[in-house]
Amino acid sequence: MTDQVRVTRTINAPARAVFAAWVDAEQLRQWLCPGPAVLTEARCDPVVGGSYRFVMVSAHGASQVSGEYLVVDPPRRLVFTWQSDSVSQQTQVSVLLEPAGPATRMTIVHERVPGDGPYAAIASGWSTAASNLARLVAAPGPPS
């Protein structure tokens, strides 16, 4: 089994808008947390060595995710560590943004997931989050 989860979406928005959604706390609150959970706290300092912290609340209680930004290369690439209550060790998330005509191809790679990690839950969470982000930043109408 691989130690990574990969999710790719083509988003009808320019890369700068997609990148901004990843590093702006207010936008993160709107798309990152898959329902019915809610992101009640989002704090981020998107510079190399800066940190972030998210608190997600669901019917099962609150969980926290935190980490450090390793690469901040707007609007192409973002890499950060990911430490969550649900995974026993620190993992890493890379977000790659590539122009696709008037749209952006976004690839999320969540790496270093432990062998006993919840791959299906991580994949489902990132897939839902990617769809939420696409709806948030999408330009009106189909890409031309």
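Each reported figure results from applying straightforward, stated rules to the coordinates on display, with no laboratory input. What you see is a predicted model, and the numbers here were worked out from it, not measured in a lab. Using ideal geometry, Cβ is built from the backbone for each residue, glycine included, and neighbour counts are taken over all protein chains shown.
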inquiry  = Once you keep just the Cα pairs under 8 angstrom separated by 6 or more residues, what percentage relative contact order results for the chain?
reply    = 31 percent
inquiry  = Can you work out the Karplus-derived ³J(HN,Hα) for every residue in the stretch 62-77? Use 6.51 cos²θ - 1.76 cosθ + 1.60 with θ = phi - 60°, whole Hz, and x for glycine or proline.
reply    = 9, 9, 10, 10, 8, x, 10, 7, 9, 9, 10, 10, x, x, 9, 8
query = Just going by the charge dipole of the chain, with Lys and Arg at +1 and Asp and Glu at -1 on Cβ, which of 113, 42, 133 is farthest out on the positive end?
reply = 133
task = Can you tell me how much longer the chain between residue 60 and residue 76 gets when fully stretched, taken as 0.36 nm per residue apart minus their C-alpha distance, in nm with one decimal?
result = 2.2 nm
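When a/c reaches 1.5 or more, the comparison of a/b and b/c decides; with that in mind, is the stretch 5-137 rounded, prolate or oblate per its Cα gyration tensor?
Numbers: a/c = 1.41, a/b = 1.36, b/c = 1.04.
Rounded, because the longest to shortest axis ratio a/c is under 1.5.
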query = How far is helix 119-137 tilted, in degrees, relative to the longest principal axis of the Cα atoms in the chain, given as a value from 0 to 90 rounded to the nearest 10?
reply = 40 degrees
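If the chain between residue 120 and residue 90 were fully stretched, how many nm would it gain, using 0.36 nm times the residue separation less the Cα-Cα distance? Could you put the intermediate results ahead of the total?
On the way: separation 30, 0.36 × 30 = 10.80 nm, distance 1.77 nm.
Roughly 9.0 nm would be gained on extension.
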key: Efficiency of FRET from Cβ geometry, residue 47 and residue 139, R₀ 41 Å, rounded to 0.05   = 0.90
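Length gain on complete extension for the stretch residue 100 to residue 112, per 0.36 nm per residue less the alpha carbon to alpha carbon distance?
Details: separation 12, 0.36 × 12 = 4.32 nm, distance 2.82 nm.
This chain segment gains 1.5 nm when fully extended.
Assuming a ≥ b ≥ c are the square roots of the Cα gyration tensor eigenvalues, decide whether the stretch 86-144 counts as rounded (a/c under 1.5), prolate (otherwise, with a/b larger than b/c) or oblate.
Numbers: a/c = 3.80, a/b = 2.29, b/c = 1.66.
Prolate is the answer for the stretch 86-144, as a/c is 1.5 or above and a/b outweighs b/c.
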remark   = By the C-alpha gyration tensor axes a ≥ b ≥ c (rounded if a/c is under 1.5, else prolate when a/b exceeds b/c, else oblate), the shape of the stretch 22-78 is prolate
ask   = What size of dipole, in debye to the nearest 20, comes out for the chain about its Cα centre when the only charges are +1 on Lys and Arg C-beta atoms and -1 on Asp and Glu C-beta atoms?
value = 380 debye
